[in-house]
1. What pairs can you find where one residue is in the stretch 89-102 and basic (K, R), the other is open to solvent by 30 Å² or more (accessible area, probe 1.4 Å) and outside any helix (DSSP H, G or I), and their Cβ atoms are less than 9 Å apart, with a gap of 6+ or different chains?
2. Within the stretch 118-172, which residues are open to solvent by 50 Å² or more (accessible area, probe 1.4 Å), aliphatic (A, V, I, L, M) and under 23 Å from D96 (Cβ atoms)?
3. Going through the stretch 130-149 one residue at a time, which ones are touching an Asp or Glu at 6+ places or on another chain (Cβ under 9 Å) and either under 14 Å from S10 (Cα atoms) or among the hydrophobic types (A, V, I, L, M, F, W, C) (or both)?
4. Tally the residues that are more than 16 Å from L150 (Cα to Cα) and outside any loop (DSSP other than H, G, I, E, B), restricting the search to the stretch 18-51.
5. Report, by residue number, each residue of the stretch 78-113 that is of a type in the set (D, E) and open to solvent by less than 50 Å² (accessible area, probe 1.4 Å).
6. Kindly check whether there is at least one residue in the stretch 74-95 that is closer than 22 Å to A22 by Cα, of a type in the set (A, V, I, L, M, F, W, C) and at pLDDT 90 or above.
Amino acid sequence: MSDGPYKSLSMTAAWKKLAEWAHKAAFEPLEVAGRVVPALEETWREEGCSEVVRAIRQILGDPRQIDMFGNDKSAELEAVRRELSAGSPMRRLLFDHVTQSVSNPQPGVDPVSEGVESALRDRAARGSRQVEEHYLRKQSPDAEATRVRLRMDDAIASAPIAALARRLSGLDAPSQSVLGKQQGLEDGVMLP
């Protein structure tokens, strides 16, 4: 019996774990959703996206001043984008989404946090499609590849990505997100 196509994914360990949990029907949808944030955090850390957020915040300053004085920071953002996003897909994605949020500001919404959330959701969706493509290349049945992608999509939809974006963009204090380990039989599969 095979361990499943998720073993040979060319993704980080957290993404492989997410794919494994989506693959195995024994994991509840909420458990699968609990693996989304660690996968996104791992990508964030490995690609050094915190540095990008700090640079963007330094350029933008107080987001309320952009609205009040109409300061156009797009040239500065583009210069920093070329410098900081070279060779890093997540950083490039982050710059694109933040730039879009800055150019179309919404009242009462932090454009950096909104851009970070959009980038995280986009990266999560790309990860789900990457897993599906990998399953199809490994000659898995189409139905299995689709089932895994749909479980991942459902997990992404129910994951607390907005809270993660607020934390990563510096609006909320860092918290320890630790998955609770099961201690005994009473901690088993949830019953309806």
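1. Listed by first residue and then by second, the contacts come to R91/E47; R92/A86.
2. Hits for the stretch 118-172 are A157, A163, L171.
3. Of everything in the stretch 130-149, those that are touching an Asp or Glu at 6+ places or on another chain (Cβ under 9 Å) and either under 14 Å from S10 (Cα atoms) or among the hydrophobic types (A, V, I, L, M, F, W, C) (or both) turn out to be Y135, L136, A145, V148.
4. 13
5. D110
6. Within the stretch 74-95 (the criterion being closer than 22 Å to A22 by Cα, of a type in the set (A, V, I, L, M, F, W, C) and at pLDDT 90 or above), the answer is no, since none of the residues qualifies.
The values are calculated or read from the model by the stated rules, or taken from the named source; none is laboratory data. Note that this is a predicted model, so its numbers are computed, not measured. Cβ: placed from backbone, ideal geometry, glycine included. Neighbour counts: every protein chain shown. What goes into the accessible areas is simple: the full protein's heavy atoms, side chains included, and nothing from ligands, DNA or RNA. Shrake-Rupley method; radii C 1.70, N 1.55, O 1.52, S 1.80 Å.
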